[in-house]
Amino acid sequence: MRARVESAGAHPTPVIDRFWFKSVYFKEPGGVLFELATDGPGFAVDEDASHLGETLVLPPWLEGQRTAIEEALPPLRLDVAAHP
């Protein structure tokens, strides 16, 4: 797909490895940034699929910043009465 975007006259980025998928970015003539991404390997590559979303999972290159990232995140609250 990257080659097709390039042959259409756009200027795509190199393929970027996002750990859970690979992406290519490019801007369309109006300036909107598009992302093309693969389906795999997927979010279950590093945790059990039945427990996705239960904990904060970071790509390996961000693990050294875990404390700062966790401190910057707002707390999540679930209104159990509204979501039985």
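The values are calculated or read from the model by the stated rules, or taken from the named source; none is laboratory data. From a predicted model like this one, the values you see are computed outputs, not experimental measurements. A quick note on method: Cβ atoms are made from the backbone with ideal geometry, for glycine too, and the neighbour counts reach across all protein chains shown. Quick note on the areas: whole protein, heavy atoms, side chains included, nothing else; ligands and nucleic acids left out. Shrake-Rupley method; radii C 1.70, N 1.55, O 1.52, S 1.80 Å.
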Exercise for the section: Could you pull out the longest piece of the chain with no exposed loop GluC sites (Glu not before Pro) in it, calling a site exposed if DSSP puts it outside H, G, I, E, B and it has at most 15 other Cβ atoms within 10 Å? Expected result: 1-46
Handout entry: Accessible surface, per residue, of the chain when the full set of protein chains is kept, probe 1.4 Å, Å²
Key = 80 Å²
Practice task
Would you mind calculating the gained length between ARG18 and GLN65 on full extension (0.36 nm times residue separation, minus the Cα-Cα distance), in nm to one decimal?
Solution key: 15.3 nm
Practice task
Specify the residue with the greatest mean-square fluctuation among LEU73, LEU58, LEU36, computed from a Gaussian network of the chain linking alpha-carbon atoms under 10 Å apart.
Solution key: LEU73
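In debye, nearest 20, what is the charge dipole magnitude of the chain about its Cα centre with +1 on Lys and Arg Cβ and -1 on Asp and Glu Cβ, if you could check?
Computed charge dipole of the chain: roughly 420 debye.
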Problem - Accessible heavy-atom area order of LYS22, LYS27, highest first, probe of 1.4 Å - result: LYS27, LYS22
Exercise for the section: Report, to the nearest whole %, how much of the accessible area of the chain belongs to carbon and sulfur atoms, 1.4 Å probe, protein only. Expected result: 60 percent
Problem - C-alpha center-to-center spacing [region 33-63, region 1-16] in angstrom - result: 24 Å
Problem - Over the chain, volume per residue of the alpha carbon convex hull, in Å³ - result: 172 Å³
Exercise for the section: Taking 7 Å along the Cα-to-C-beta vector as the label spot, tell me the VAL32-HIS11 distance in nanometres, rounded to one decimal. Expected result: 2.1 nm
